[in-house]
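> Provided herewith is a single structure, encoded as structure tokens, for subsequent inquiry.
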Amino acid sequence: MDMYPNPTSDIARKRAELAPEALAAFKAFSKAVFAPGALDARTKQLIAVAVAHVTQCPYCIKGHTEGAARAGATEAQIMEAIWVAAEMRAGGAYAHSALALQTLDHLHPRDPA
């Protein structure tokens, strides 16, 4: 059994059979989100590539990398979006270290002097 199975028509059919209303709502939401608006299609796909790397969804990474390229993004732009995602993910860990430090301070109060 593969960790990440290839998407197939059987899987798509089963999803539709098991939760047709949710699937229809998700598809409509996705269509609305990726429709041109204040951001163009290329920008939206570059954001999606970055977010897909943060959420670590292999299907999203593949699909939105392809979508970004089709929308005119260059390989350099796609890679730069990935680096932005990496910095943001690392930045989150760094920023949240304040919680660990605060917890340690409560466990081992320091003498203010």
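> Would you pick out the residues in region 4-59 that are outside any helix (DSSP H, G or I), among the aliphatic types (A, V, I, L, M) and over 19 Å from the mean Cα position of the chain (by Cα)?
A19, A38, listed by residue number.
> Please identify the pairs in which a residue from region 7-27 that is without any contact (Cβ under 8 Å) to a residue 60 or more places away in the chain and under 20 Å from C60 (Cβ atoms) has its Cβ atom under 8 Å from the Cβ atom of a residue that is in a loop (DSSP other than H, G, I, E, B) and not β-branched (V, I, T), counting only partners at least 6 apart or on another chain.
So the pair list comes out as I11/P5.
> Yes or no: region 47-67 includes at least one residue that is touching a helix residue (DSSP H, G or I) at 6+ places or on another chain (Cβ under 6 Å) and either over 25 Å from N6 (Cβ atoms) or among the charged types (D, E, K, R) (or both).
There is no residue in region 47-67 that is touching a helix residue (DSSP H, G or I) at 6+ places or on another chain (Cβ under 6 Å) and either over 25 Å from N6 (Cβ atoms) or among the charged types (D, E, K, R) (or both).
> What residue, of A38, A69, A48, is among the hydrophobic types (A, V, I, L, M, F, W, C), without any contact (Cβ under 8 Å) to a residue 24 or more places away in the chain and either exposed (fewer than 13 other Cβ atoms within 10 Å of the Cβ) or at positive phi (or both)?
Result of the check over A38, A69, A48: A38.
> Of the numbered conditions (1) exposed (fewer than 10 other Cβ atoms within 10 Å of the Cβ); (2) modelled with pLDDT of 95 or more, D2 fails exactly one; give the number of that condition.
(2)
> Name the one entry in A86, A100 that is outside the structural domain of S30 (by TED's automatic domain parsing), within 19 Å of the chain's Cα centre (by Cα) and either surrounded by fewer than 16 Cβ atoms within 10 Å (Cβ to Cβ) or over 30 Å from N6 (Cβ atoms) (or both).
Answer to the selection: A86.
> Also: Taking the criterion of being acidic (D, E) and touching a helix residue (DSSP H, G or I) at 6+ places or on another chain (Cβ under 9 Å), would at least one residue in region 106-113 satisfy it?
No, region 106-113 contains no residue that is acidic (D, E) and touching a helix residue (DSSP H, G or I) at 6+ places or on another chain (Cβ under 9 Å).
The values are calculated or read from the model by the stated rules, or taken from the named source; none is laboratory data. From a predicted model like this one, the values you see are computed outputs, not experimental measurements. Using ideal geometry, Cβ is built from the backbone for each residue, glycine included, and neighbour counts are taken over all protein chains shown.
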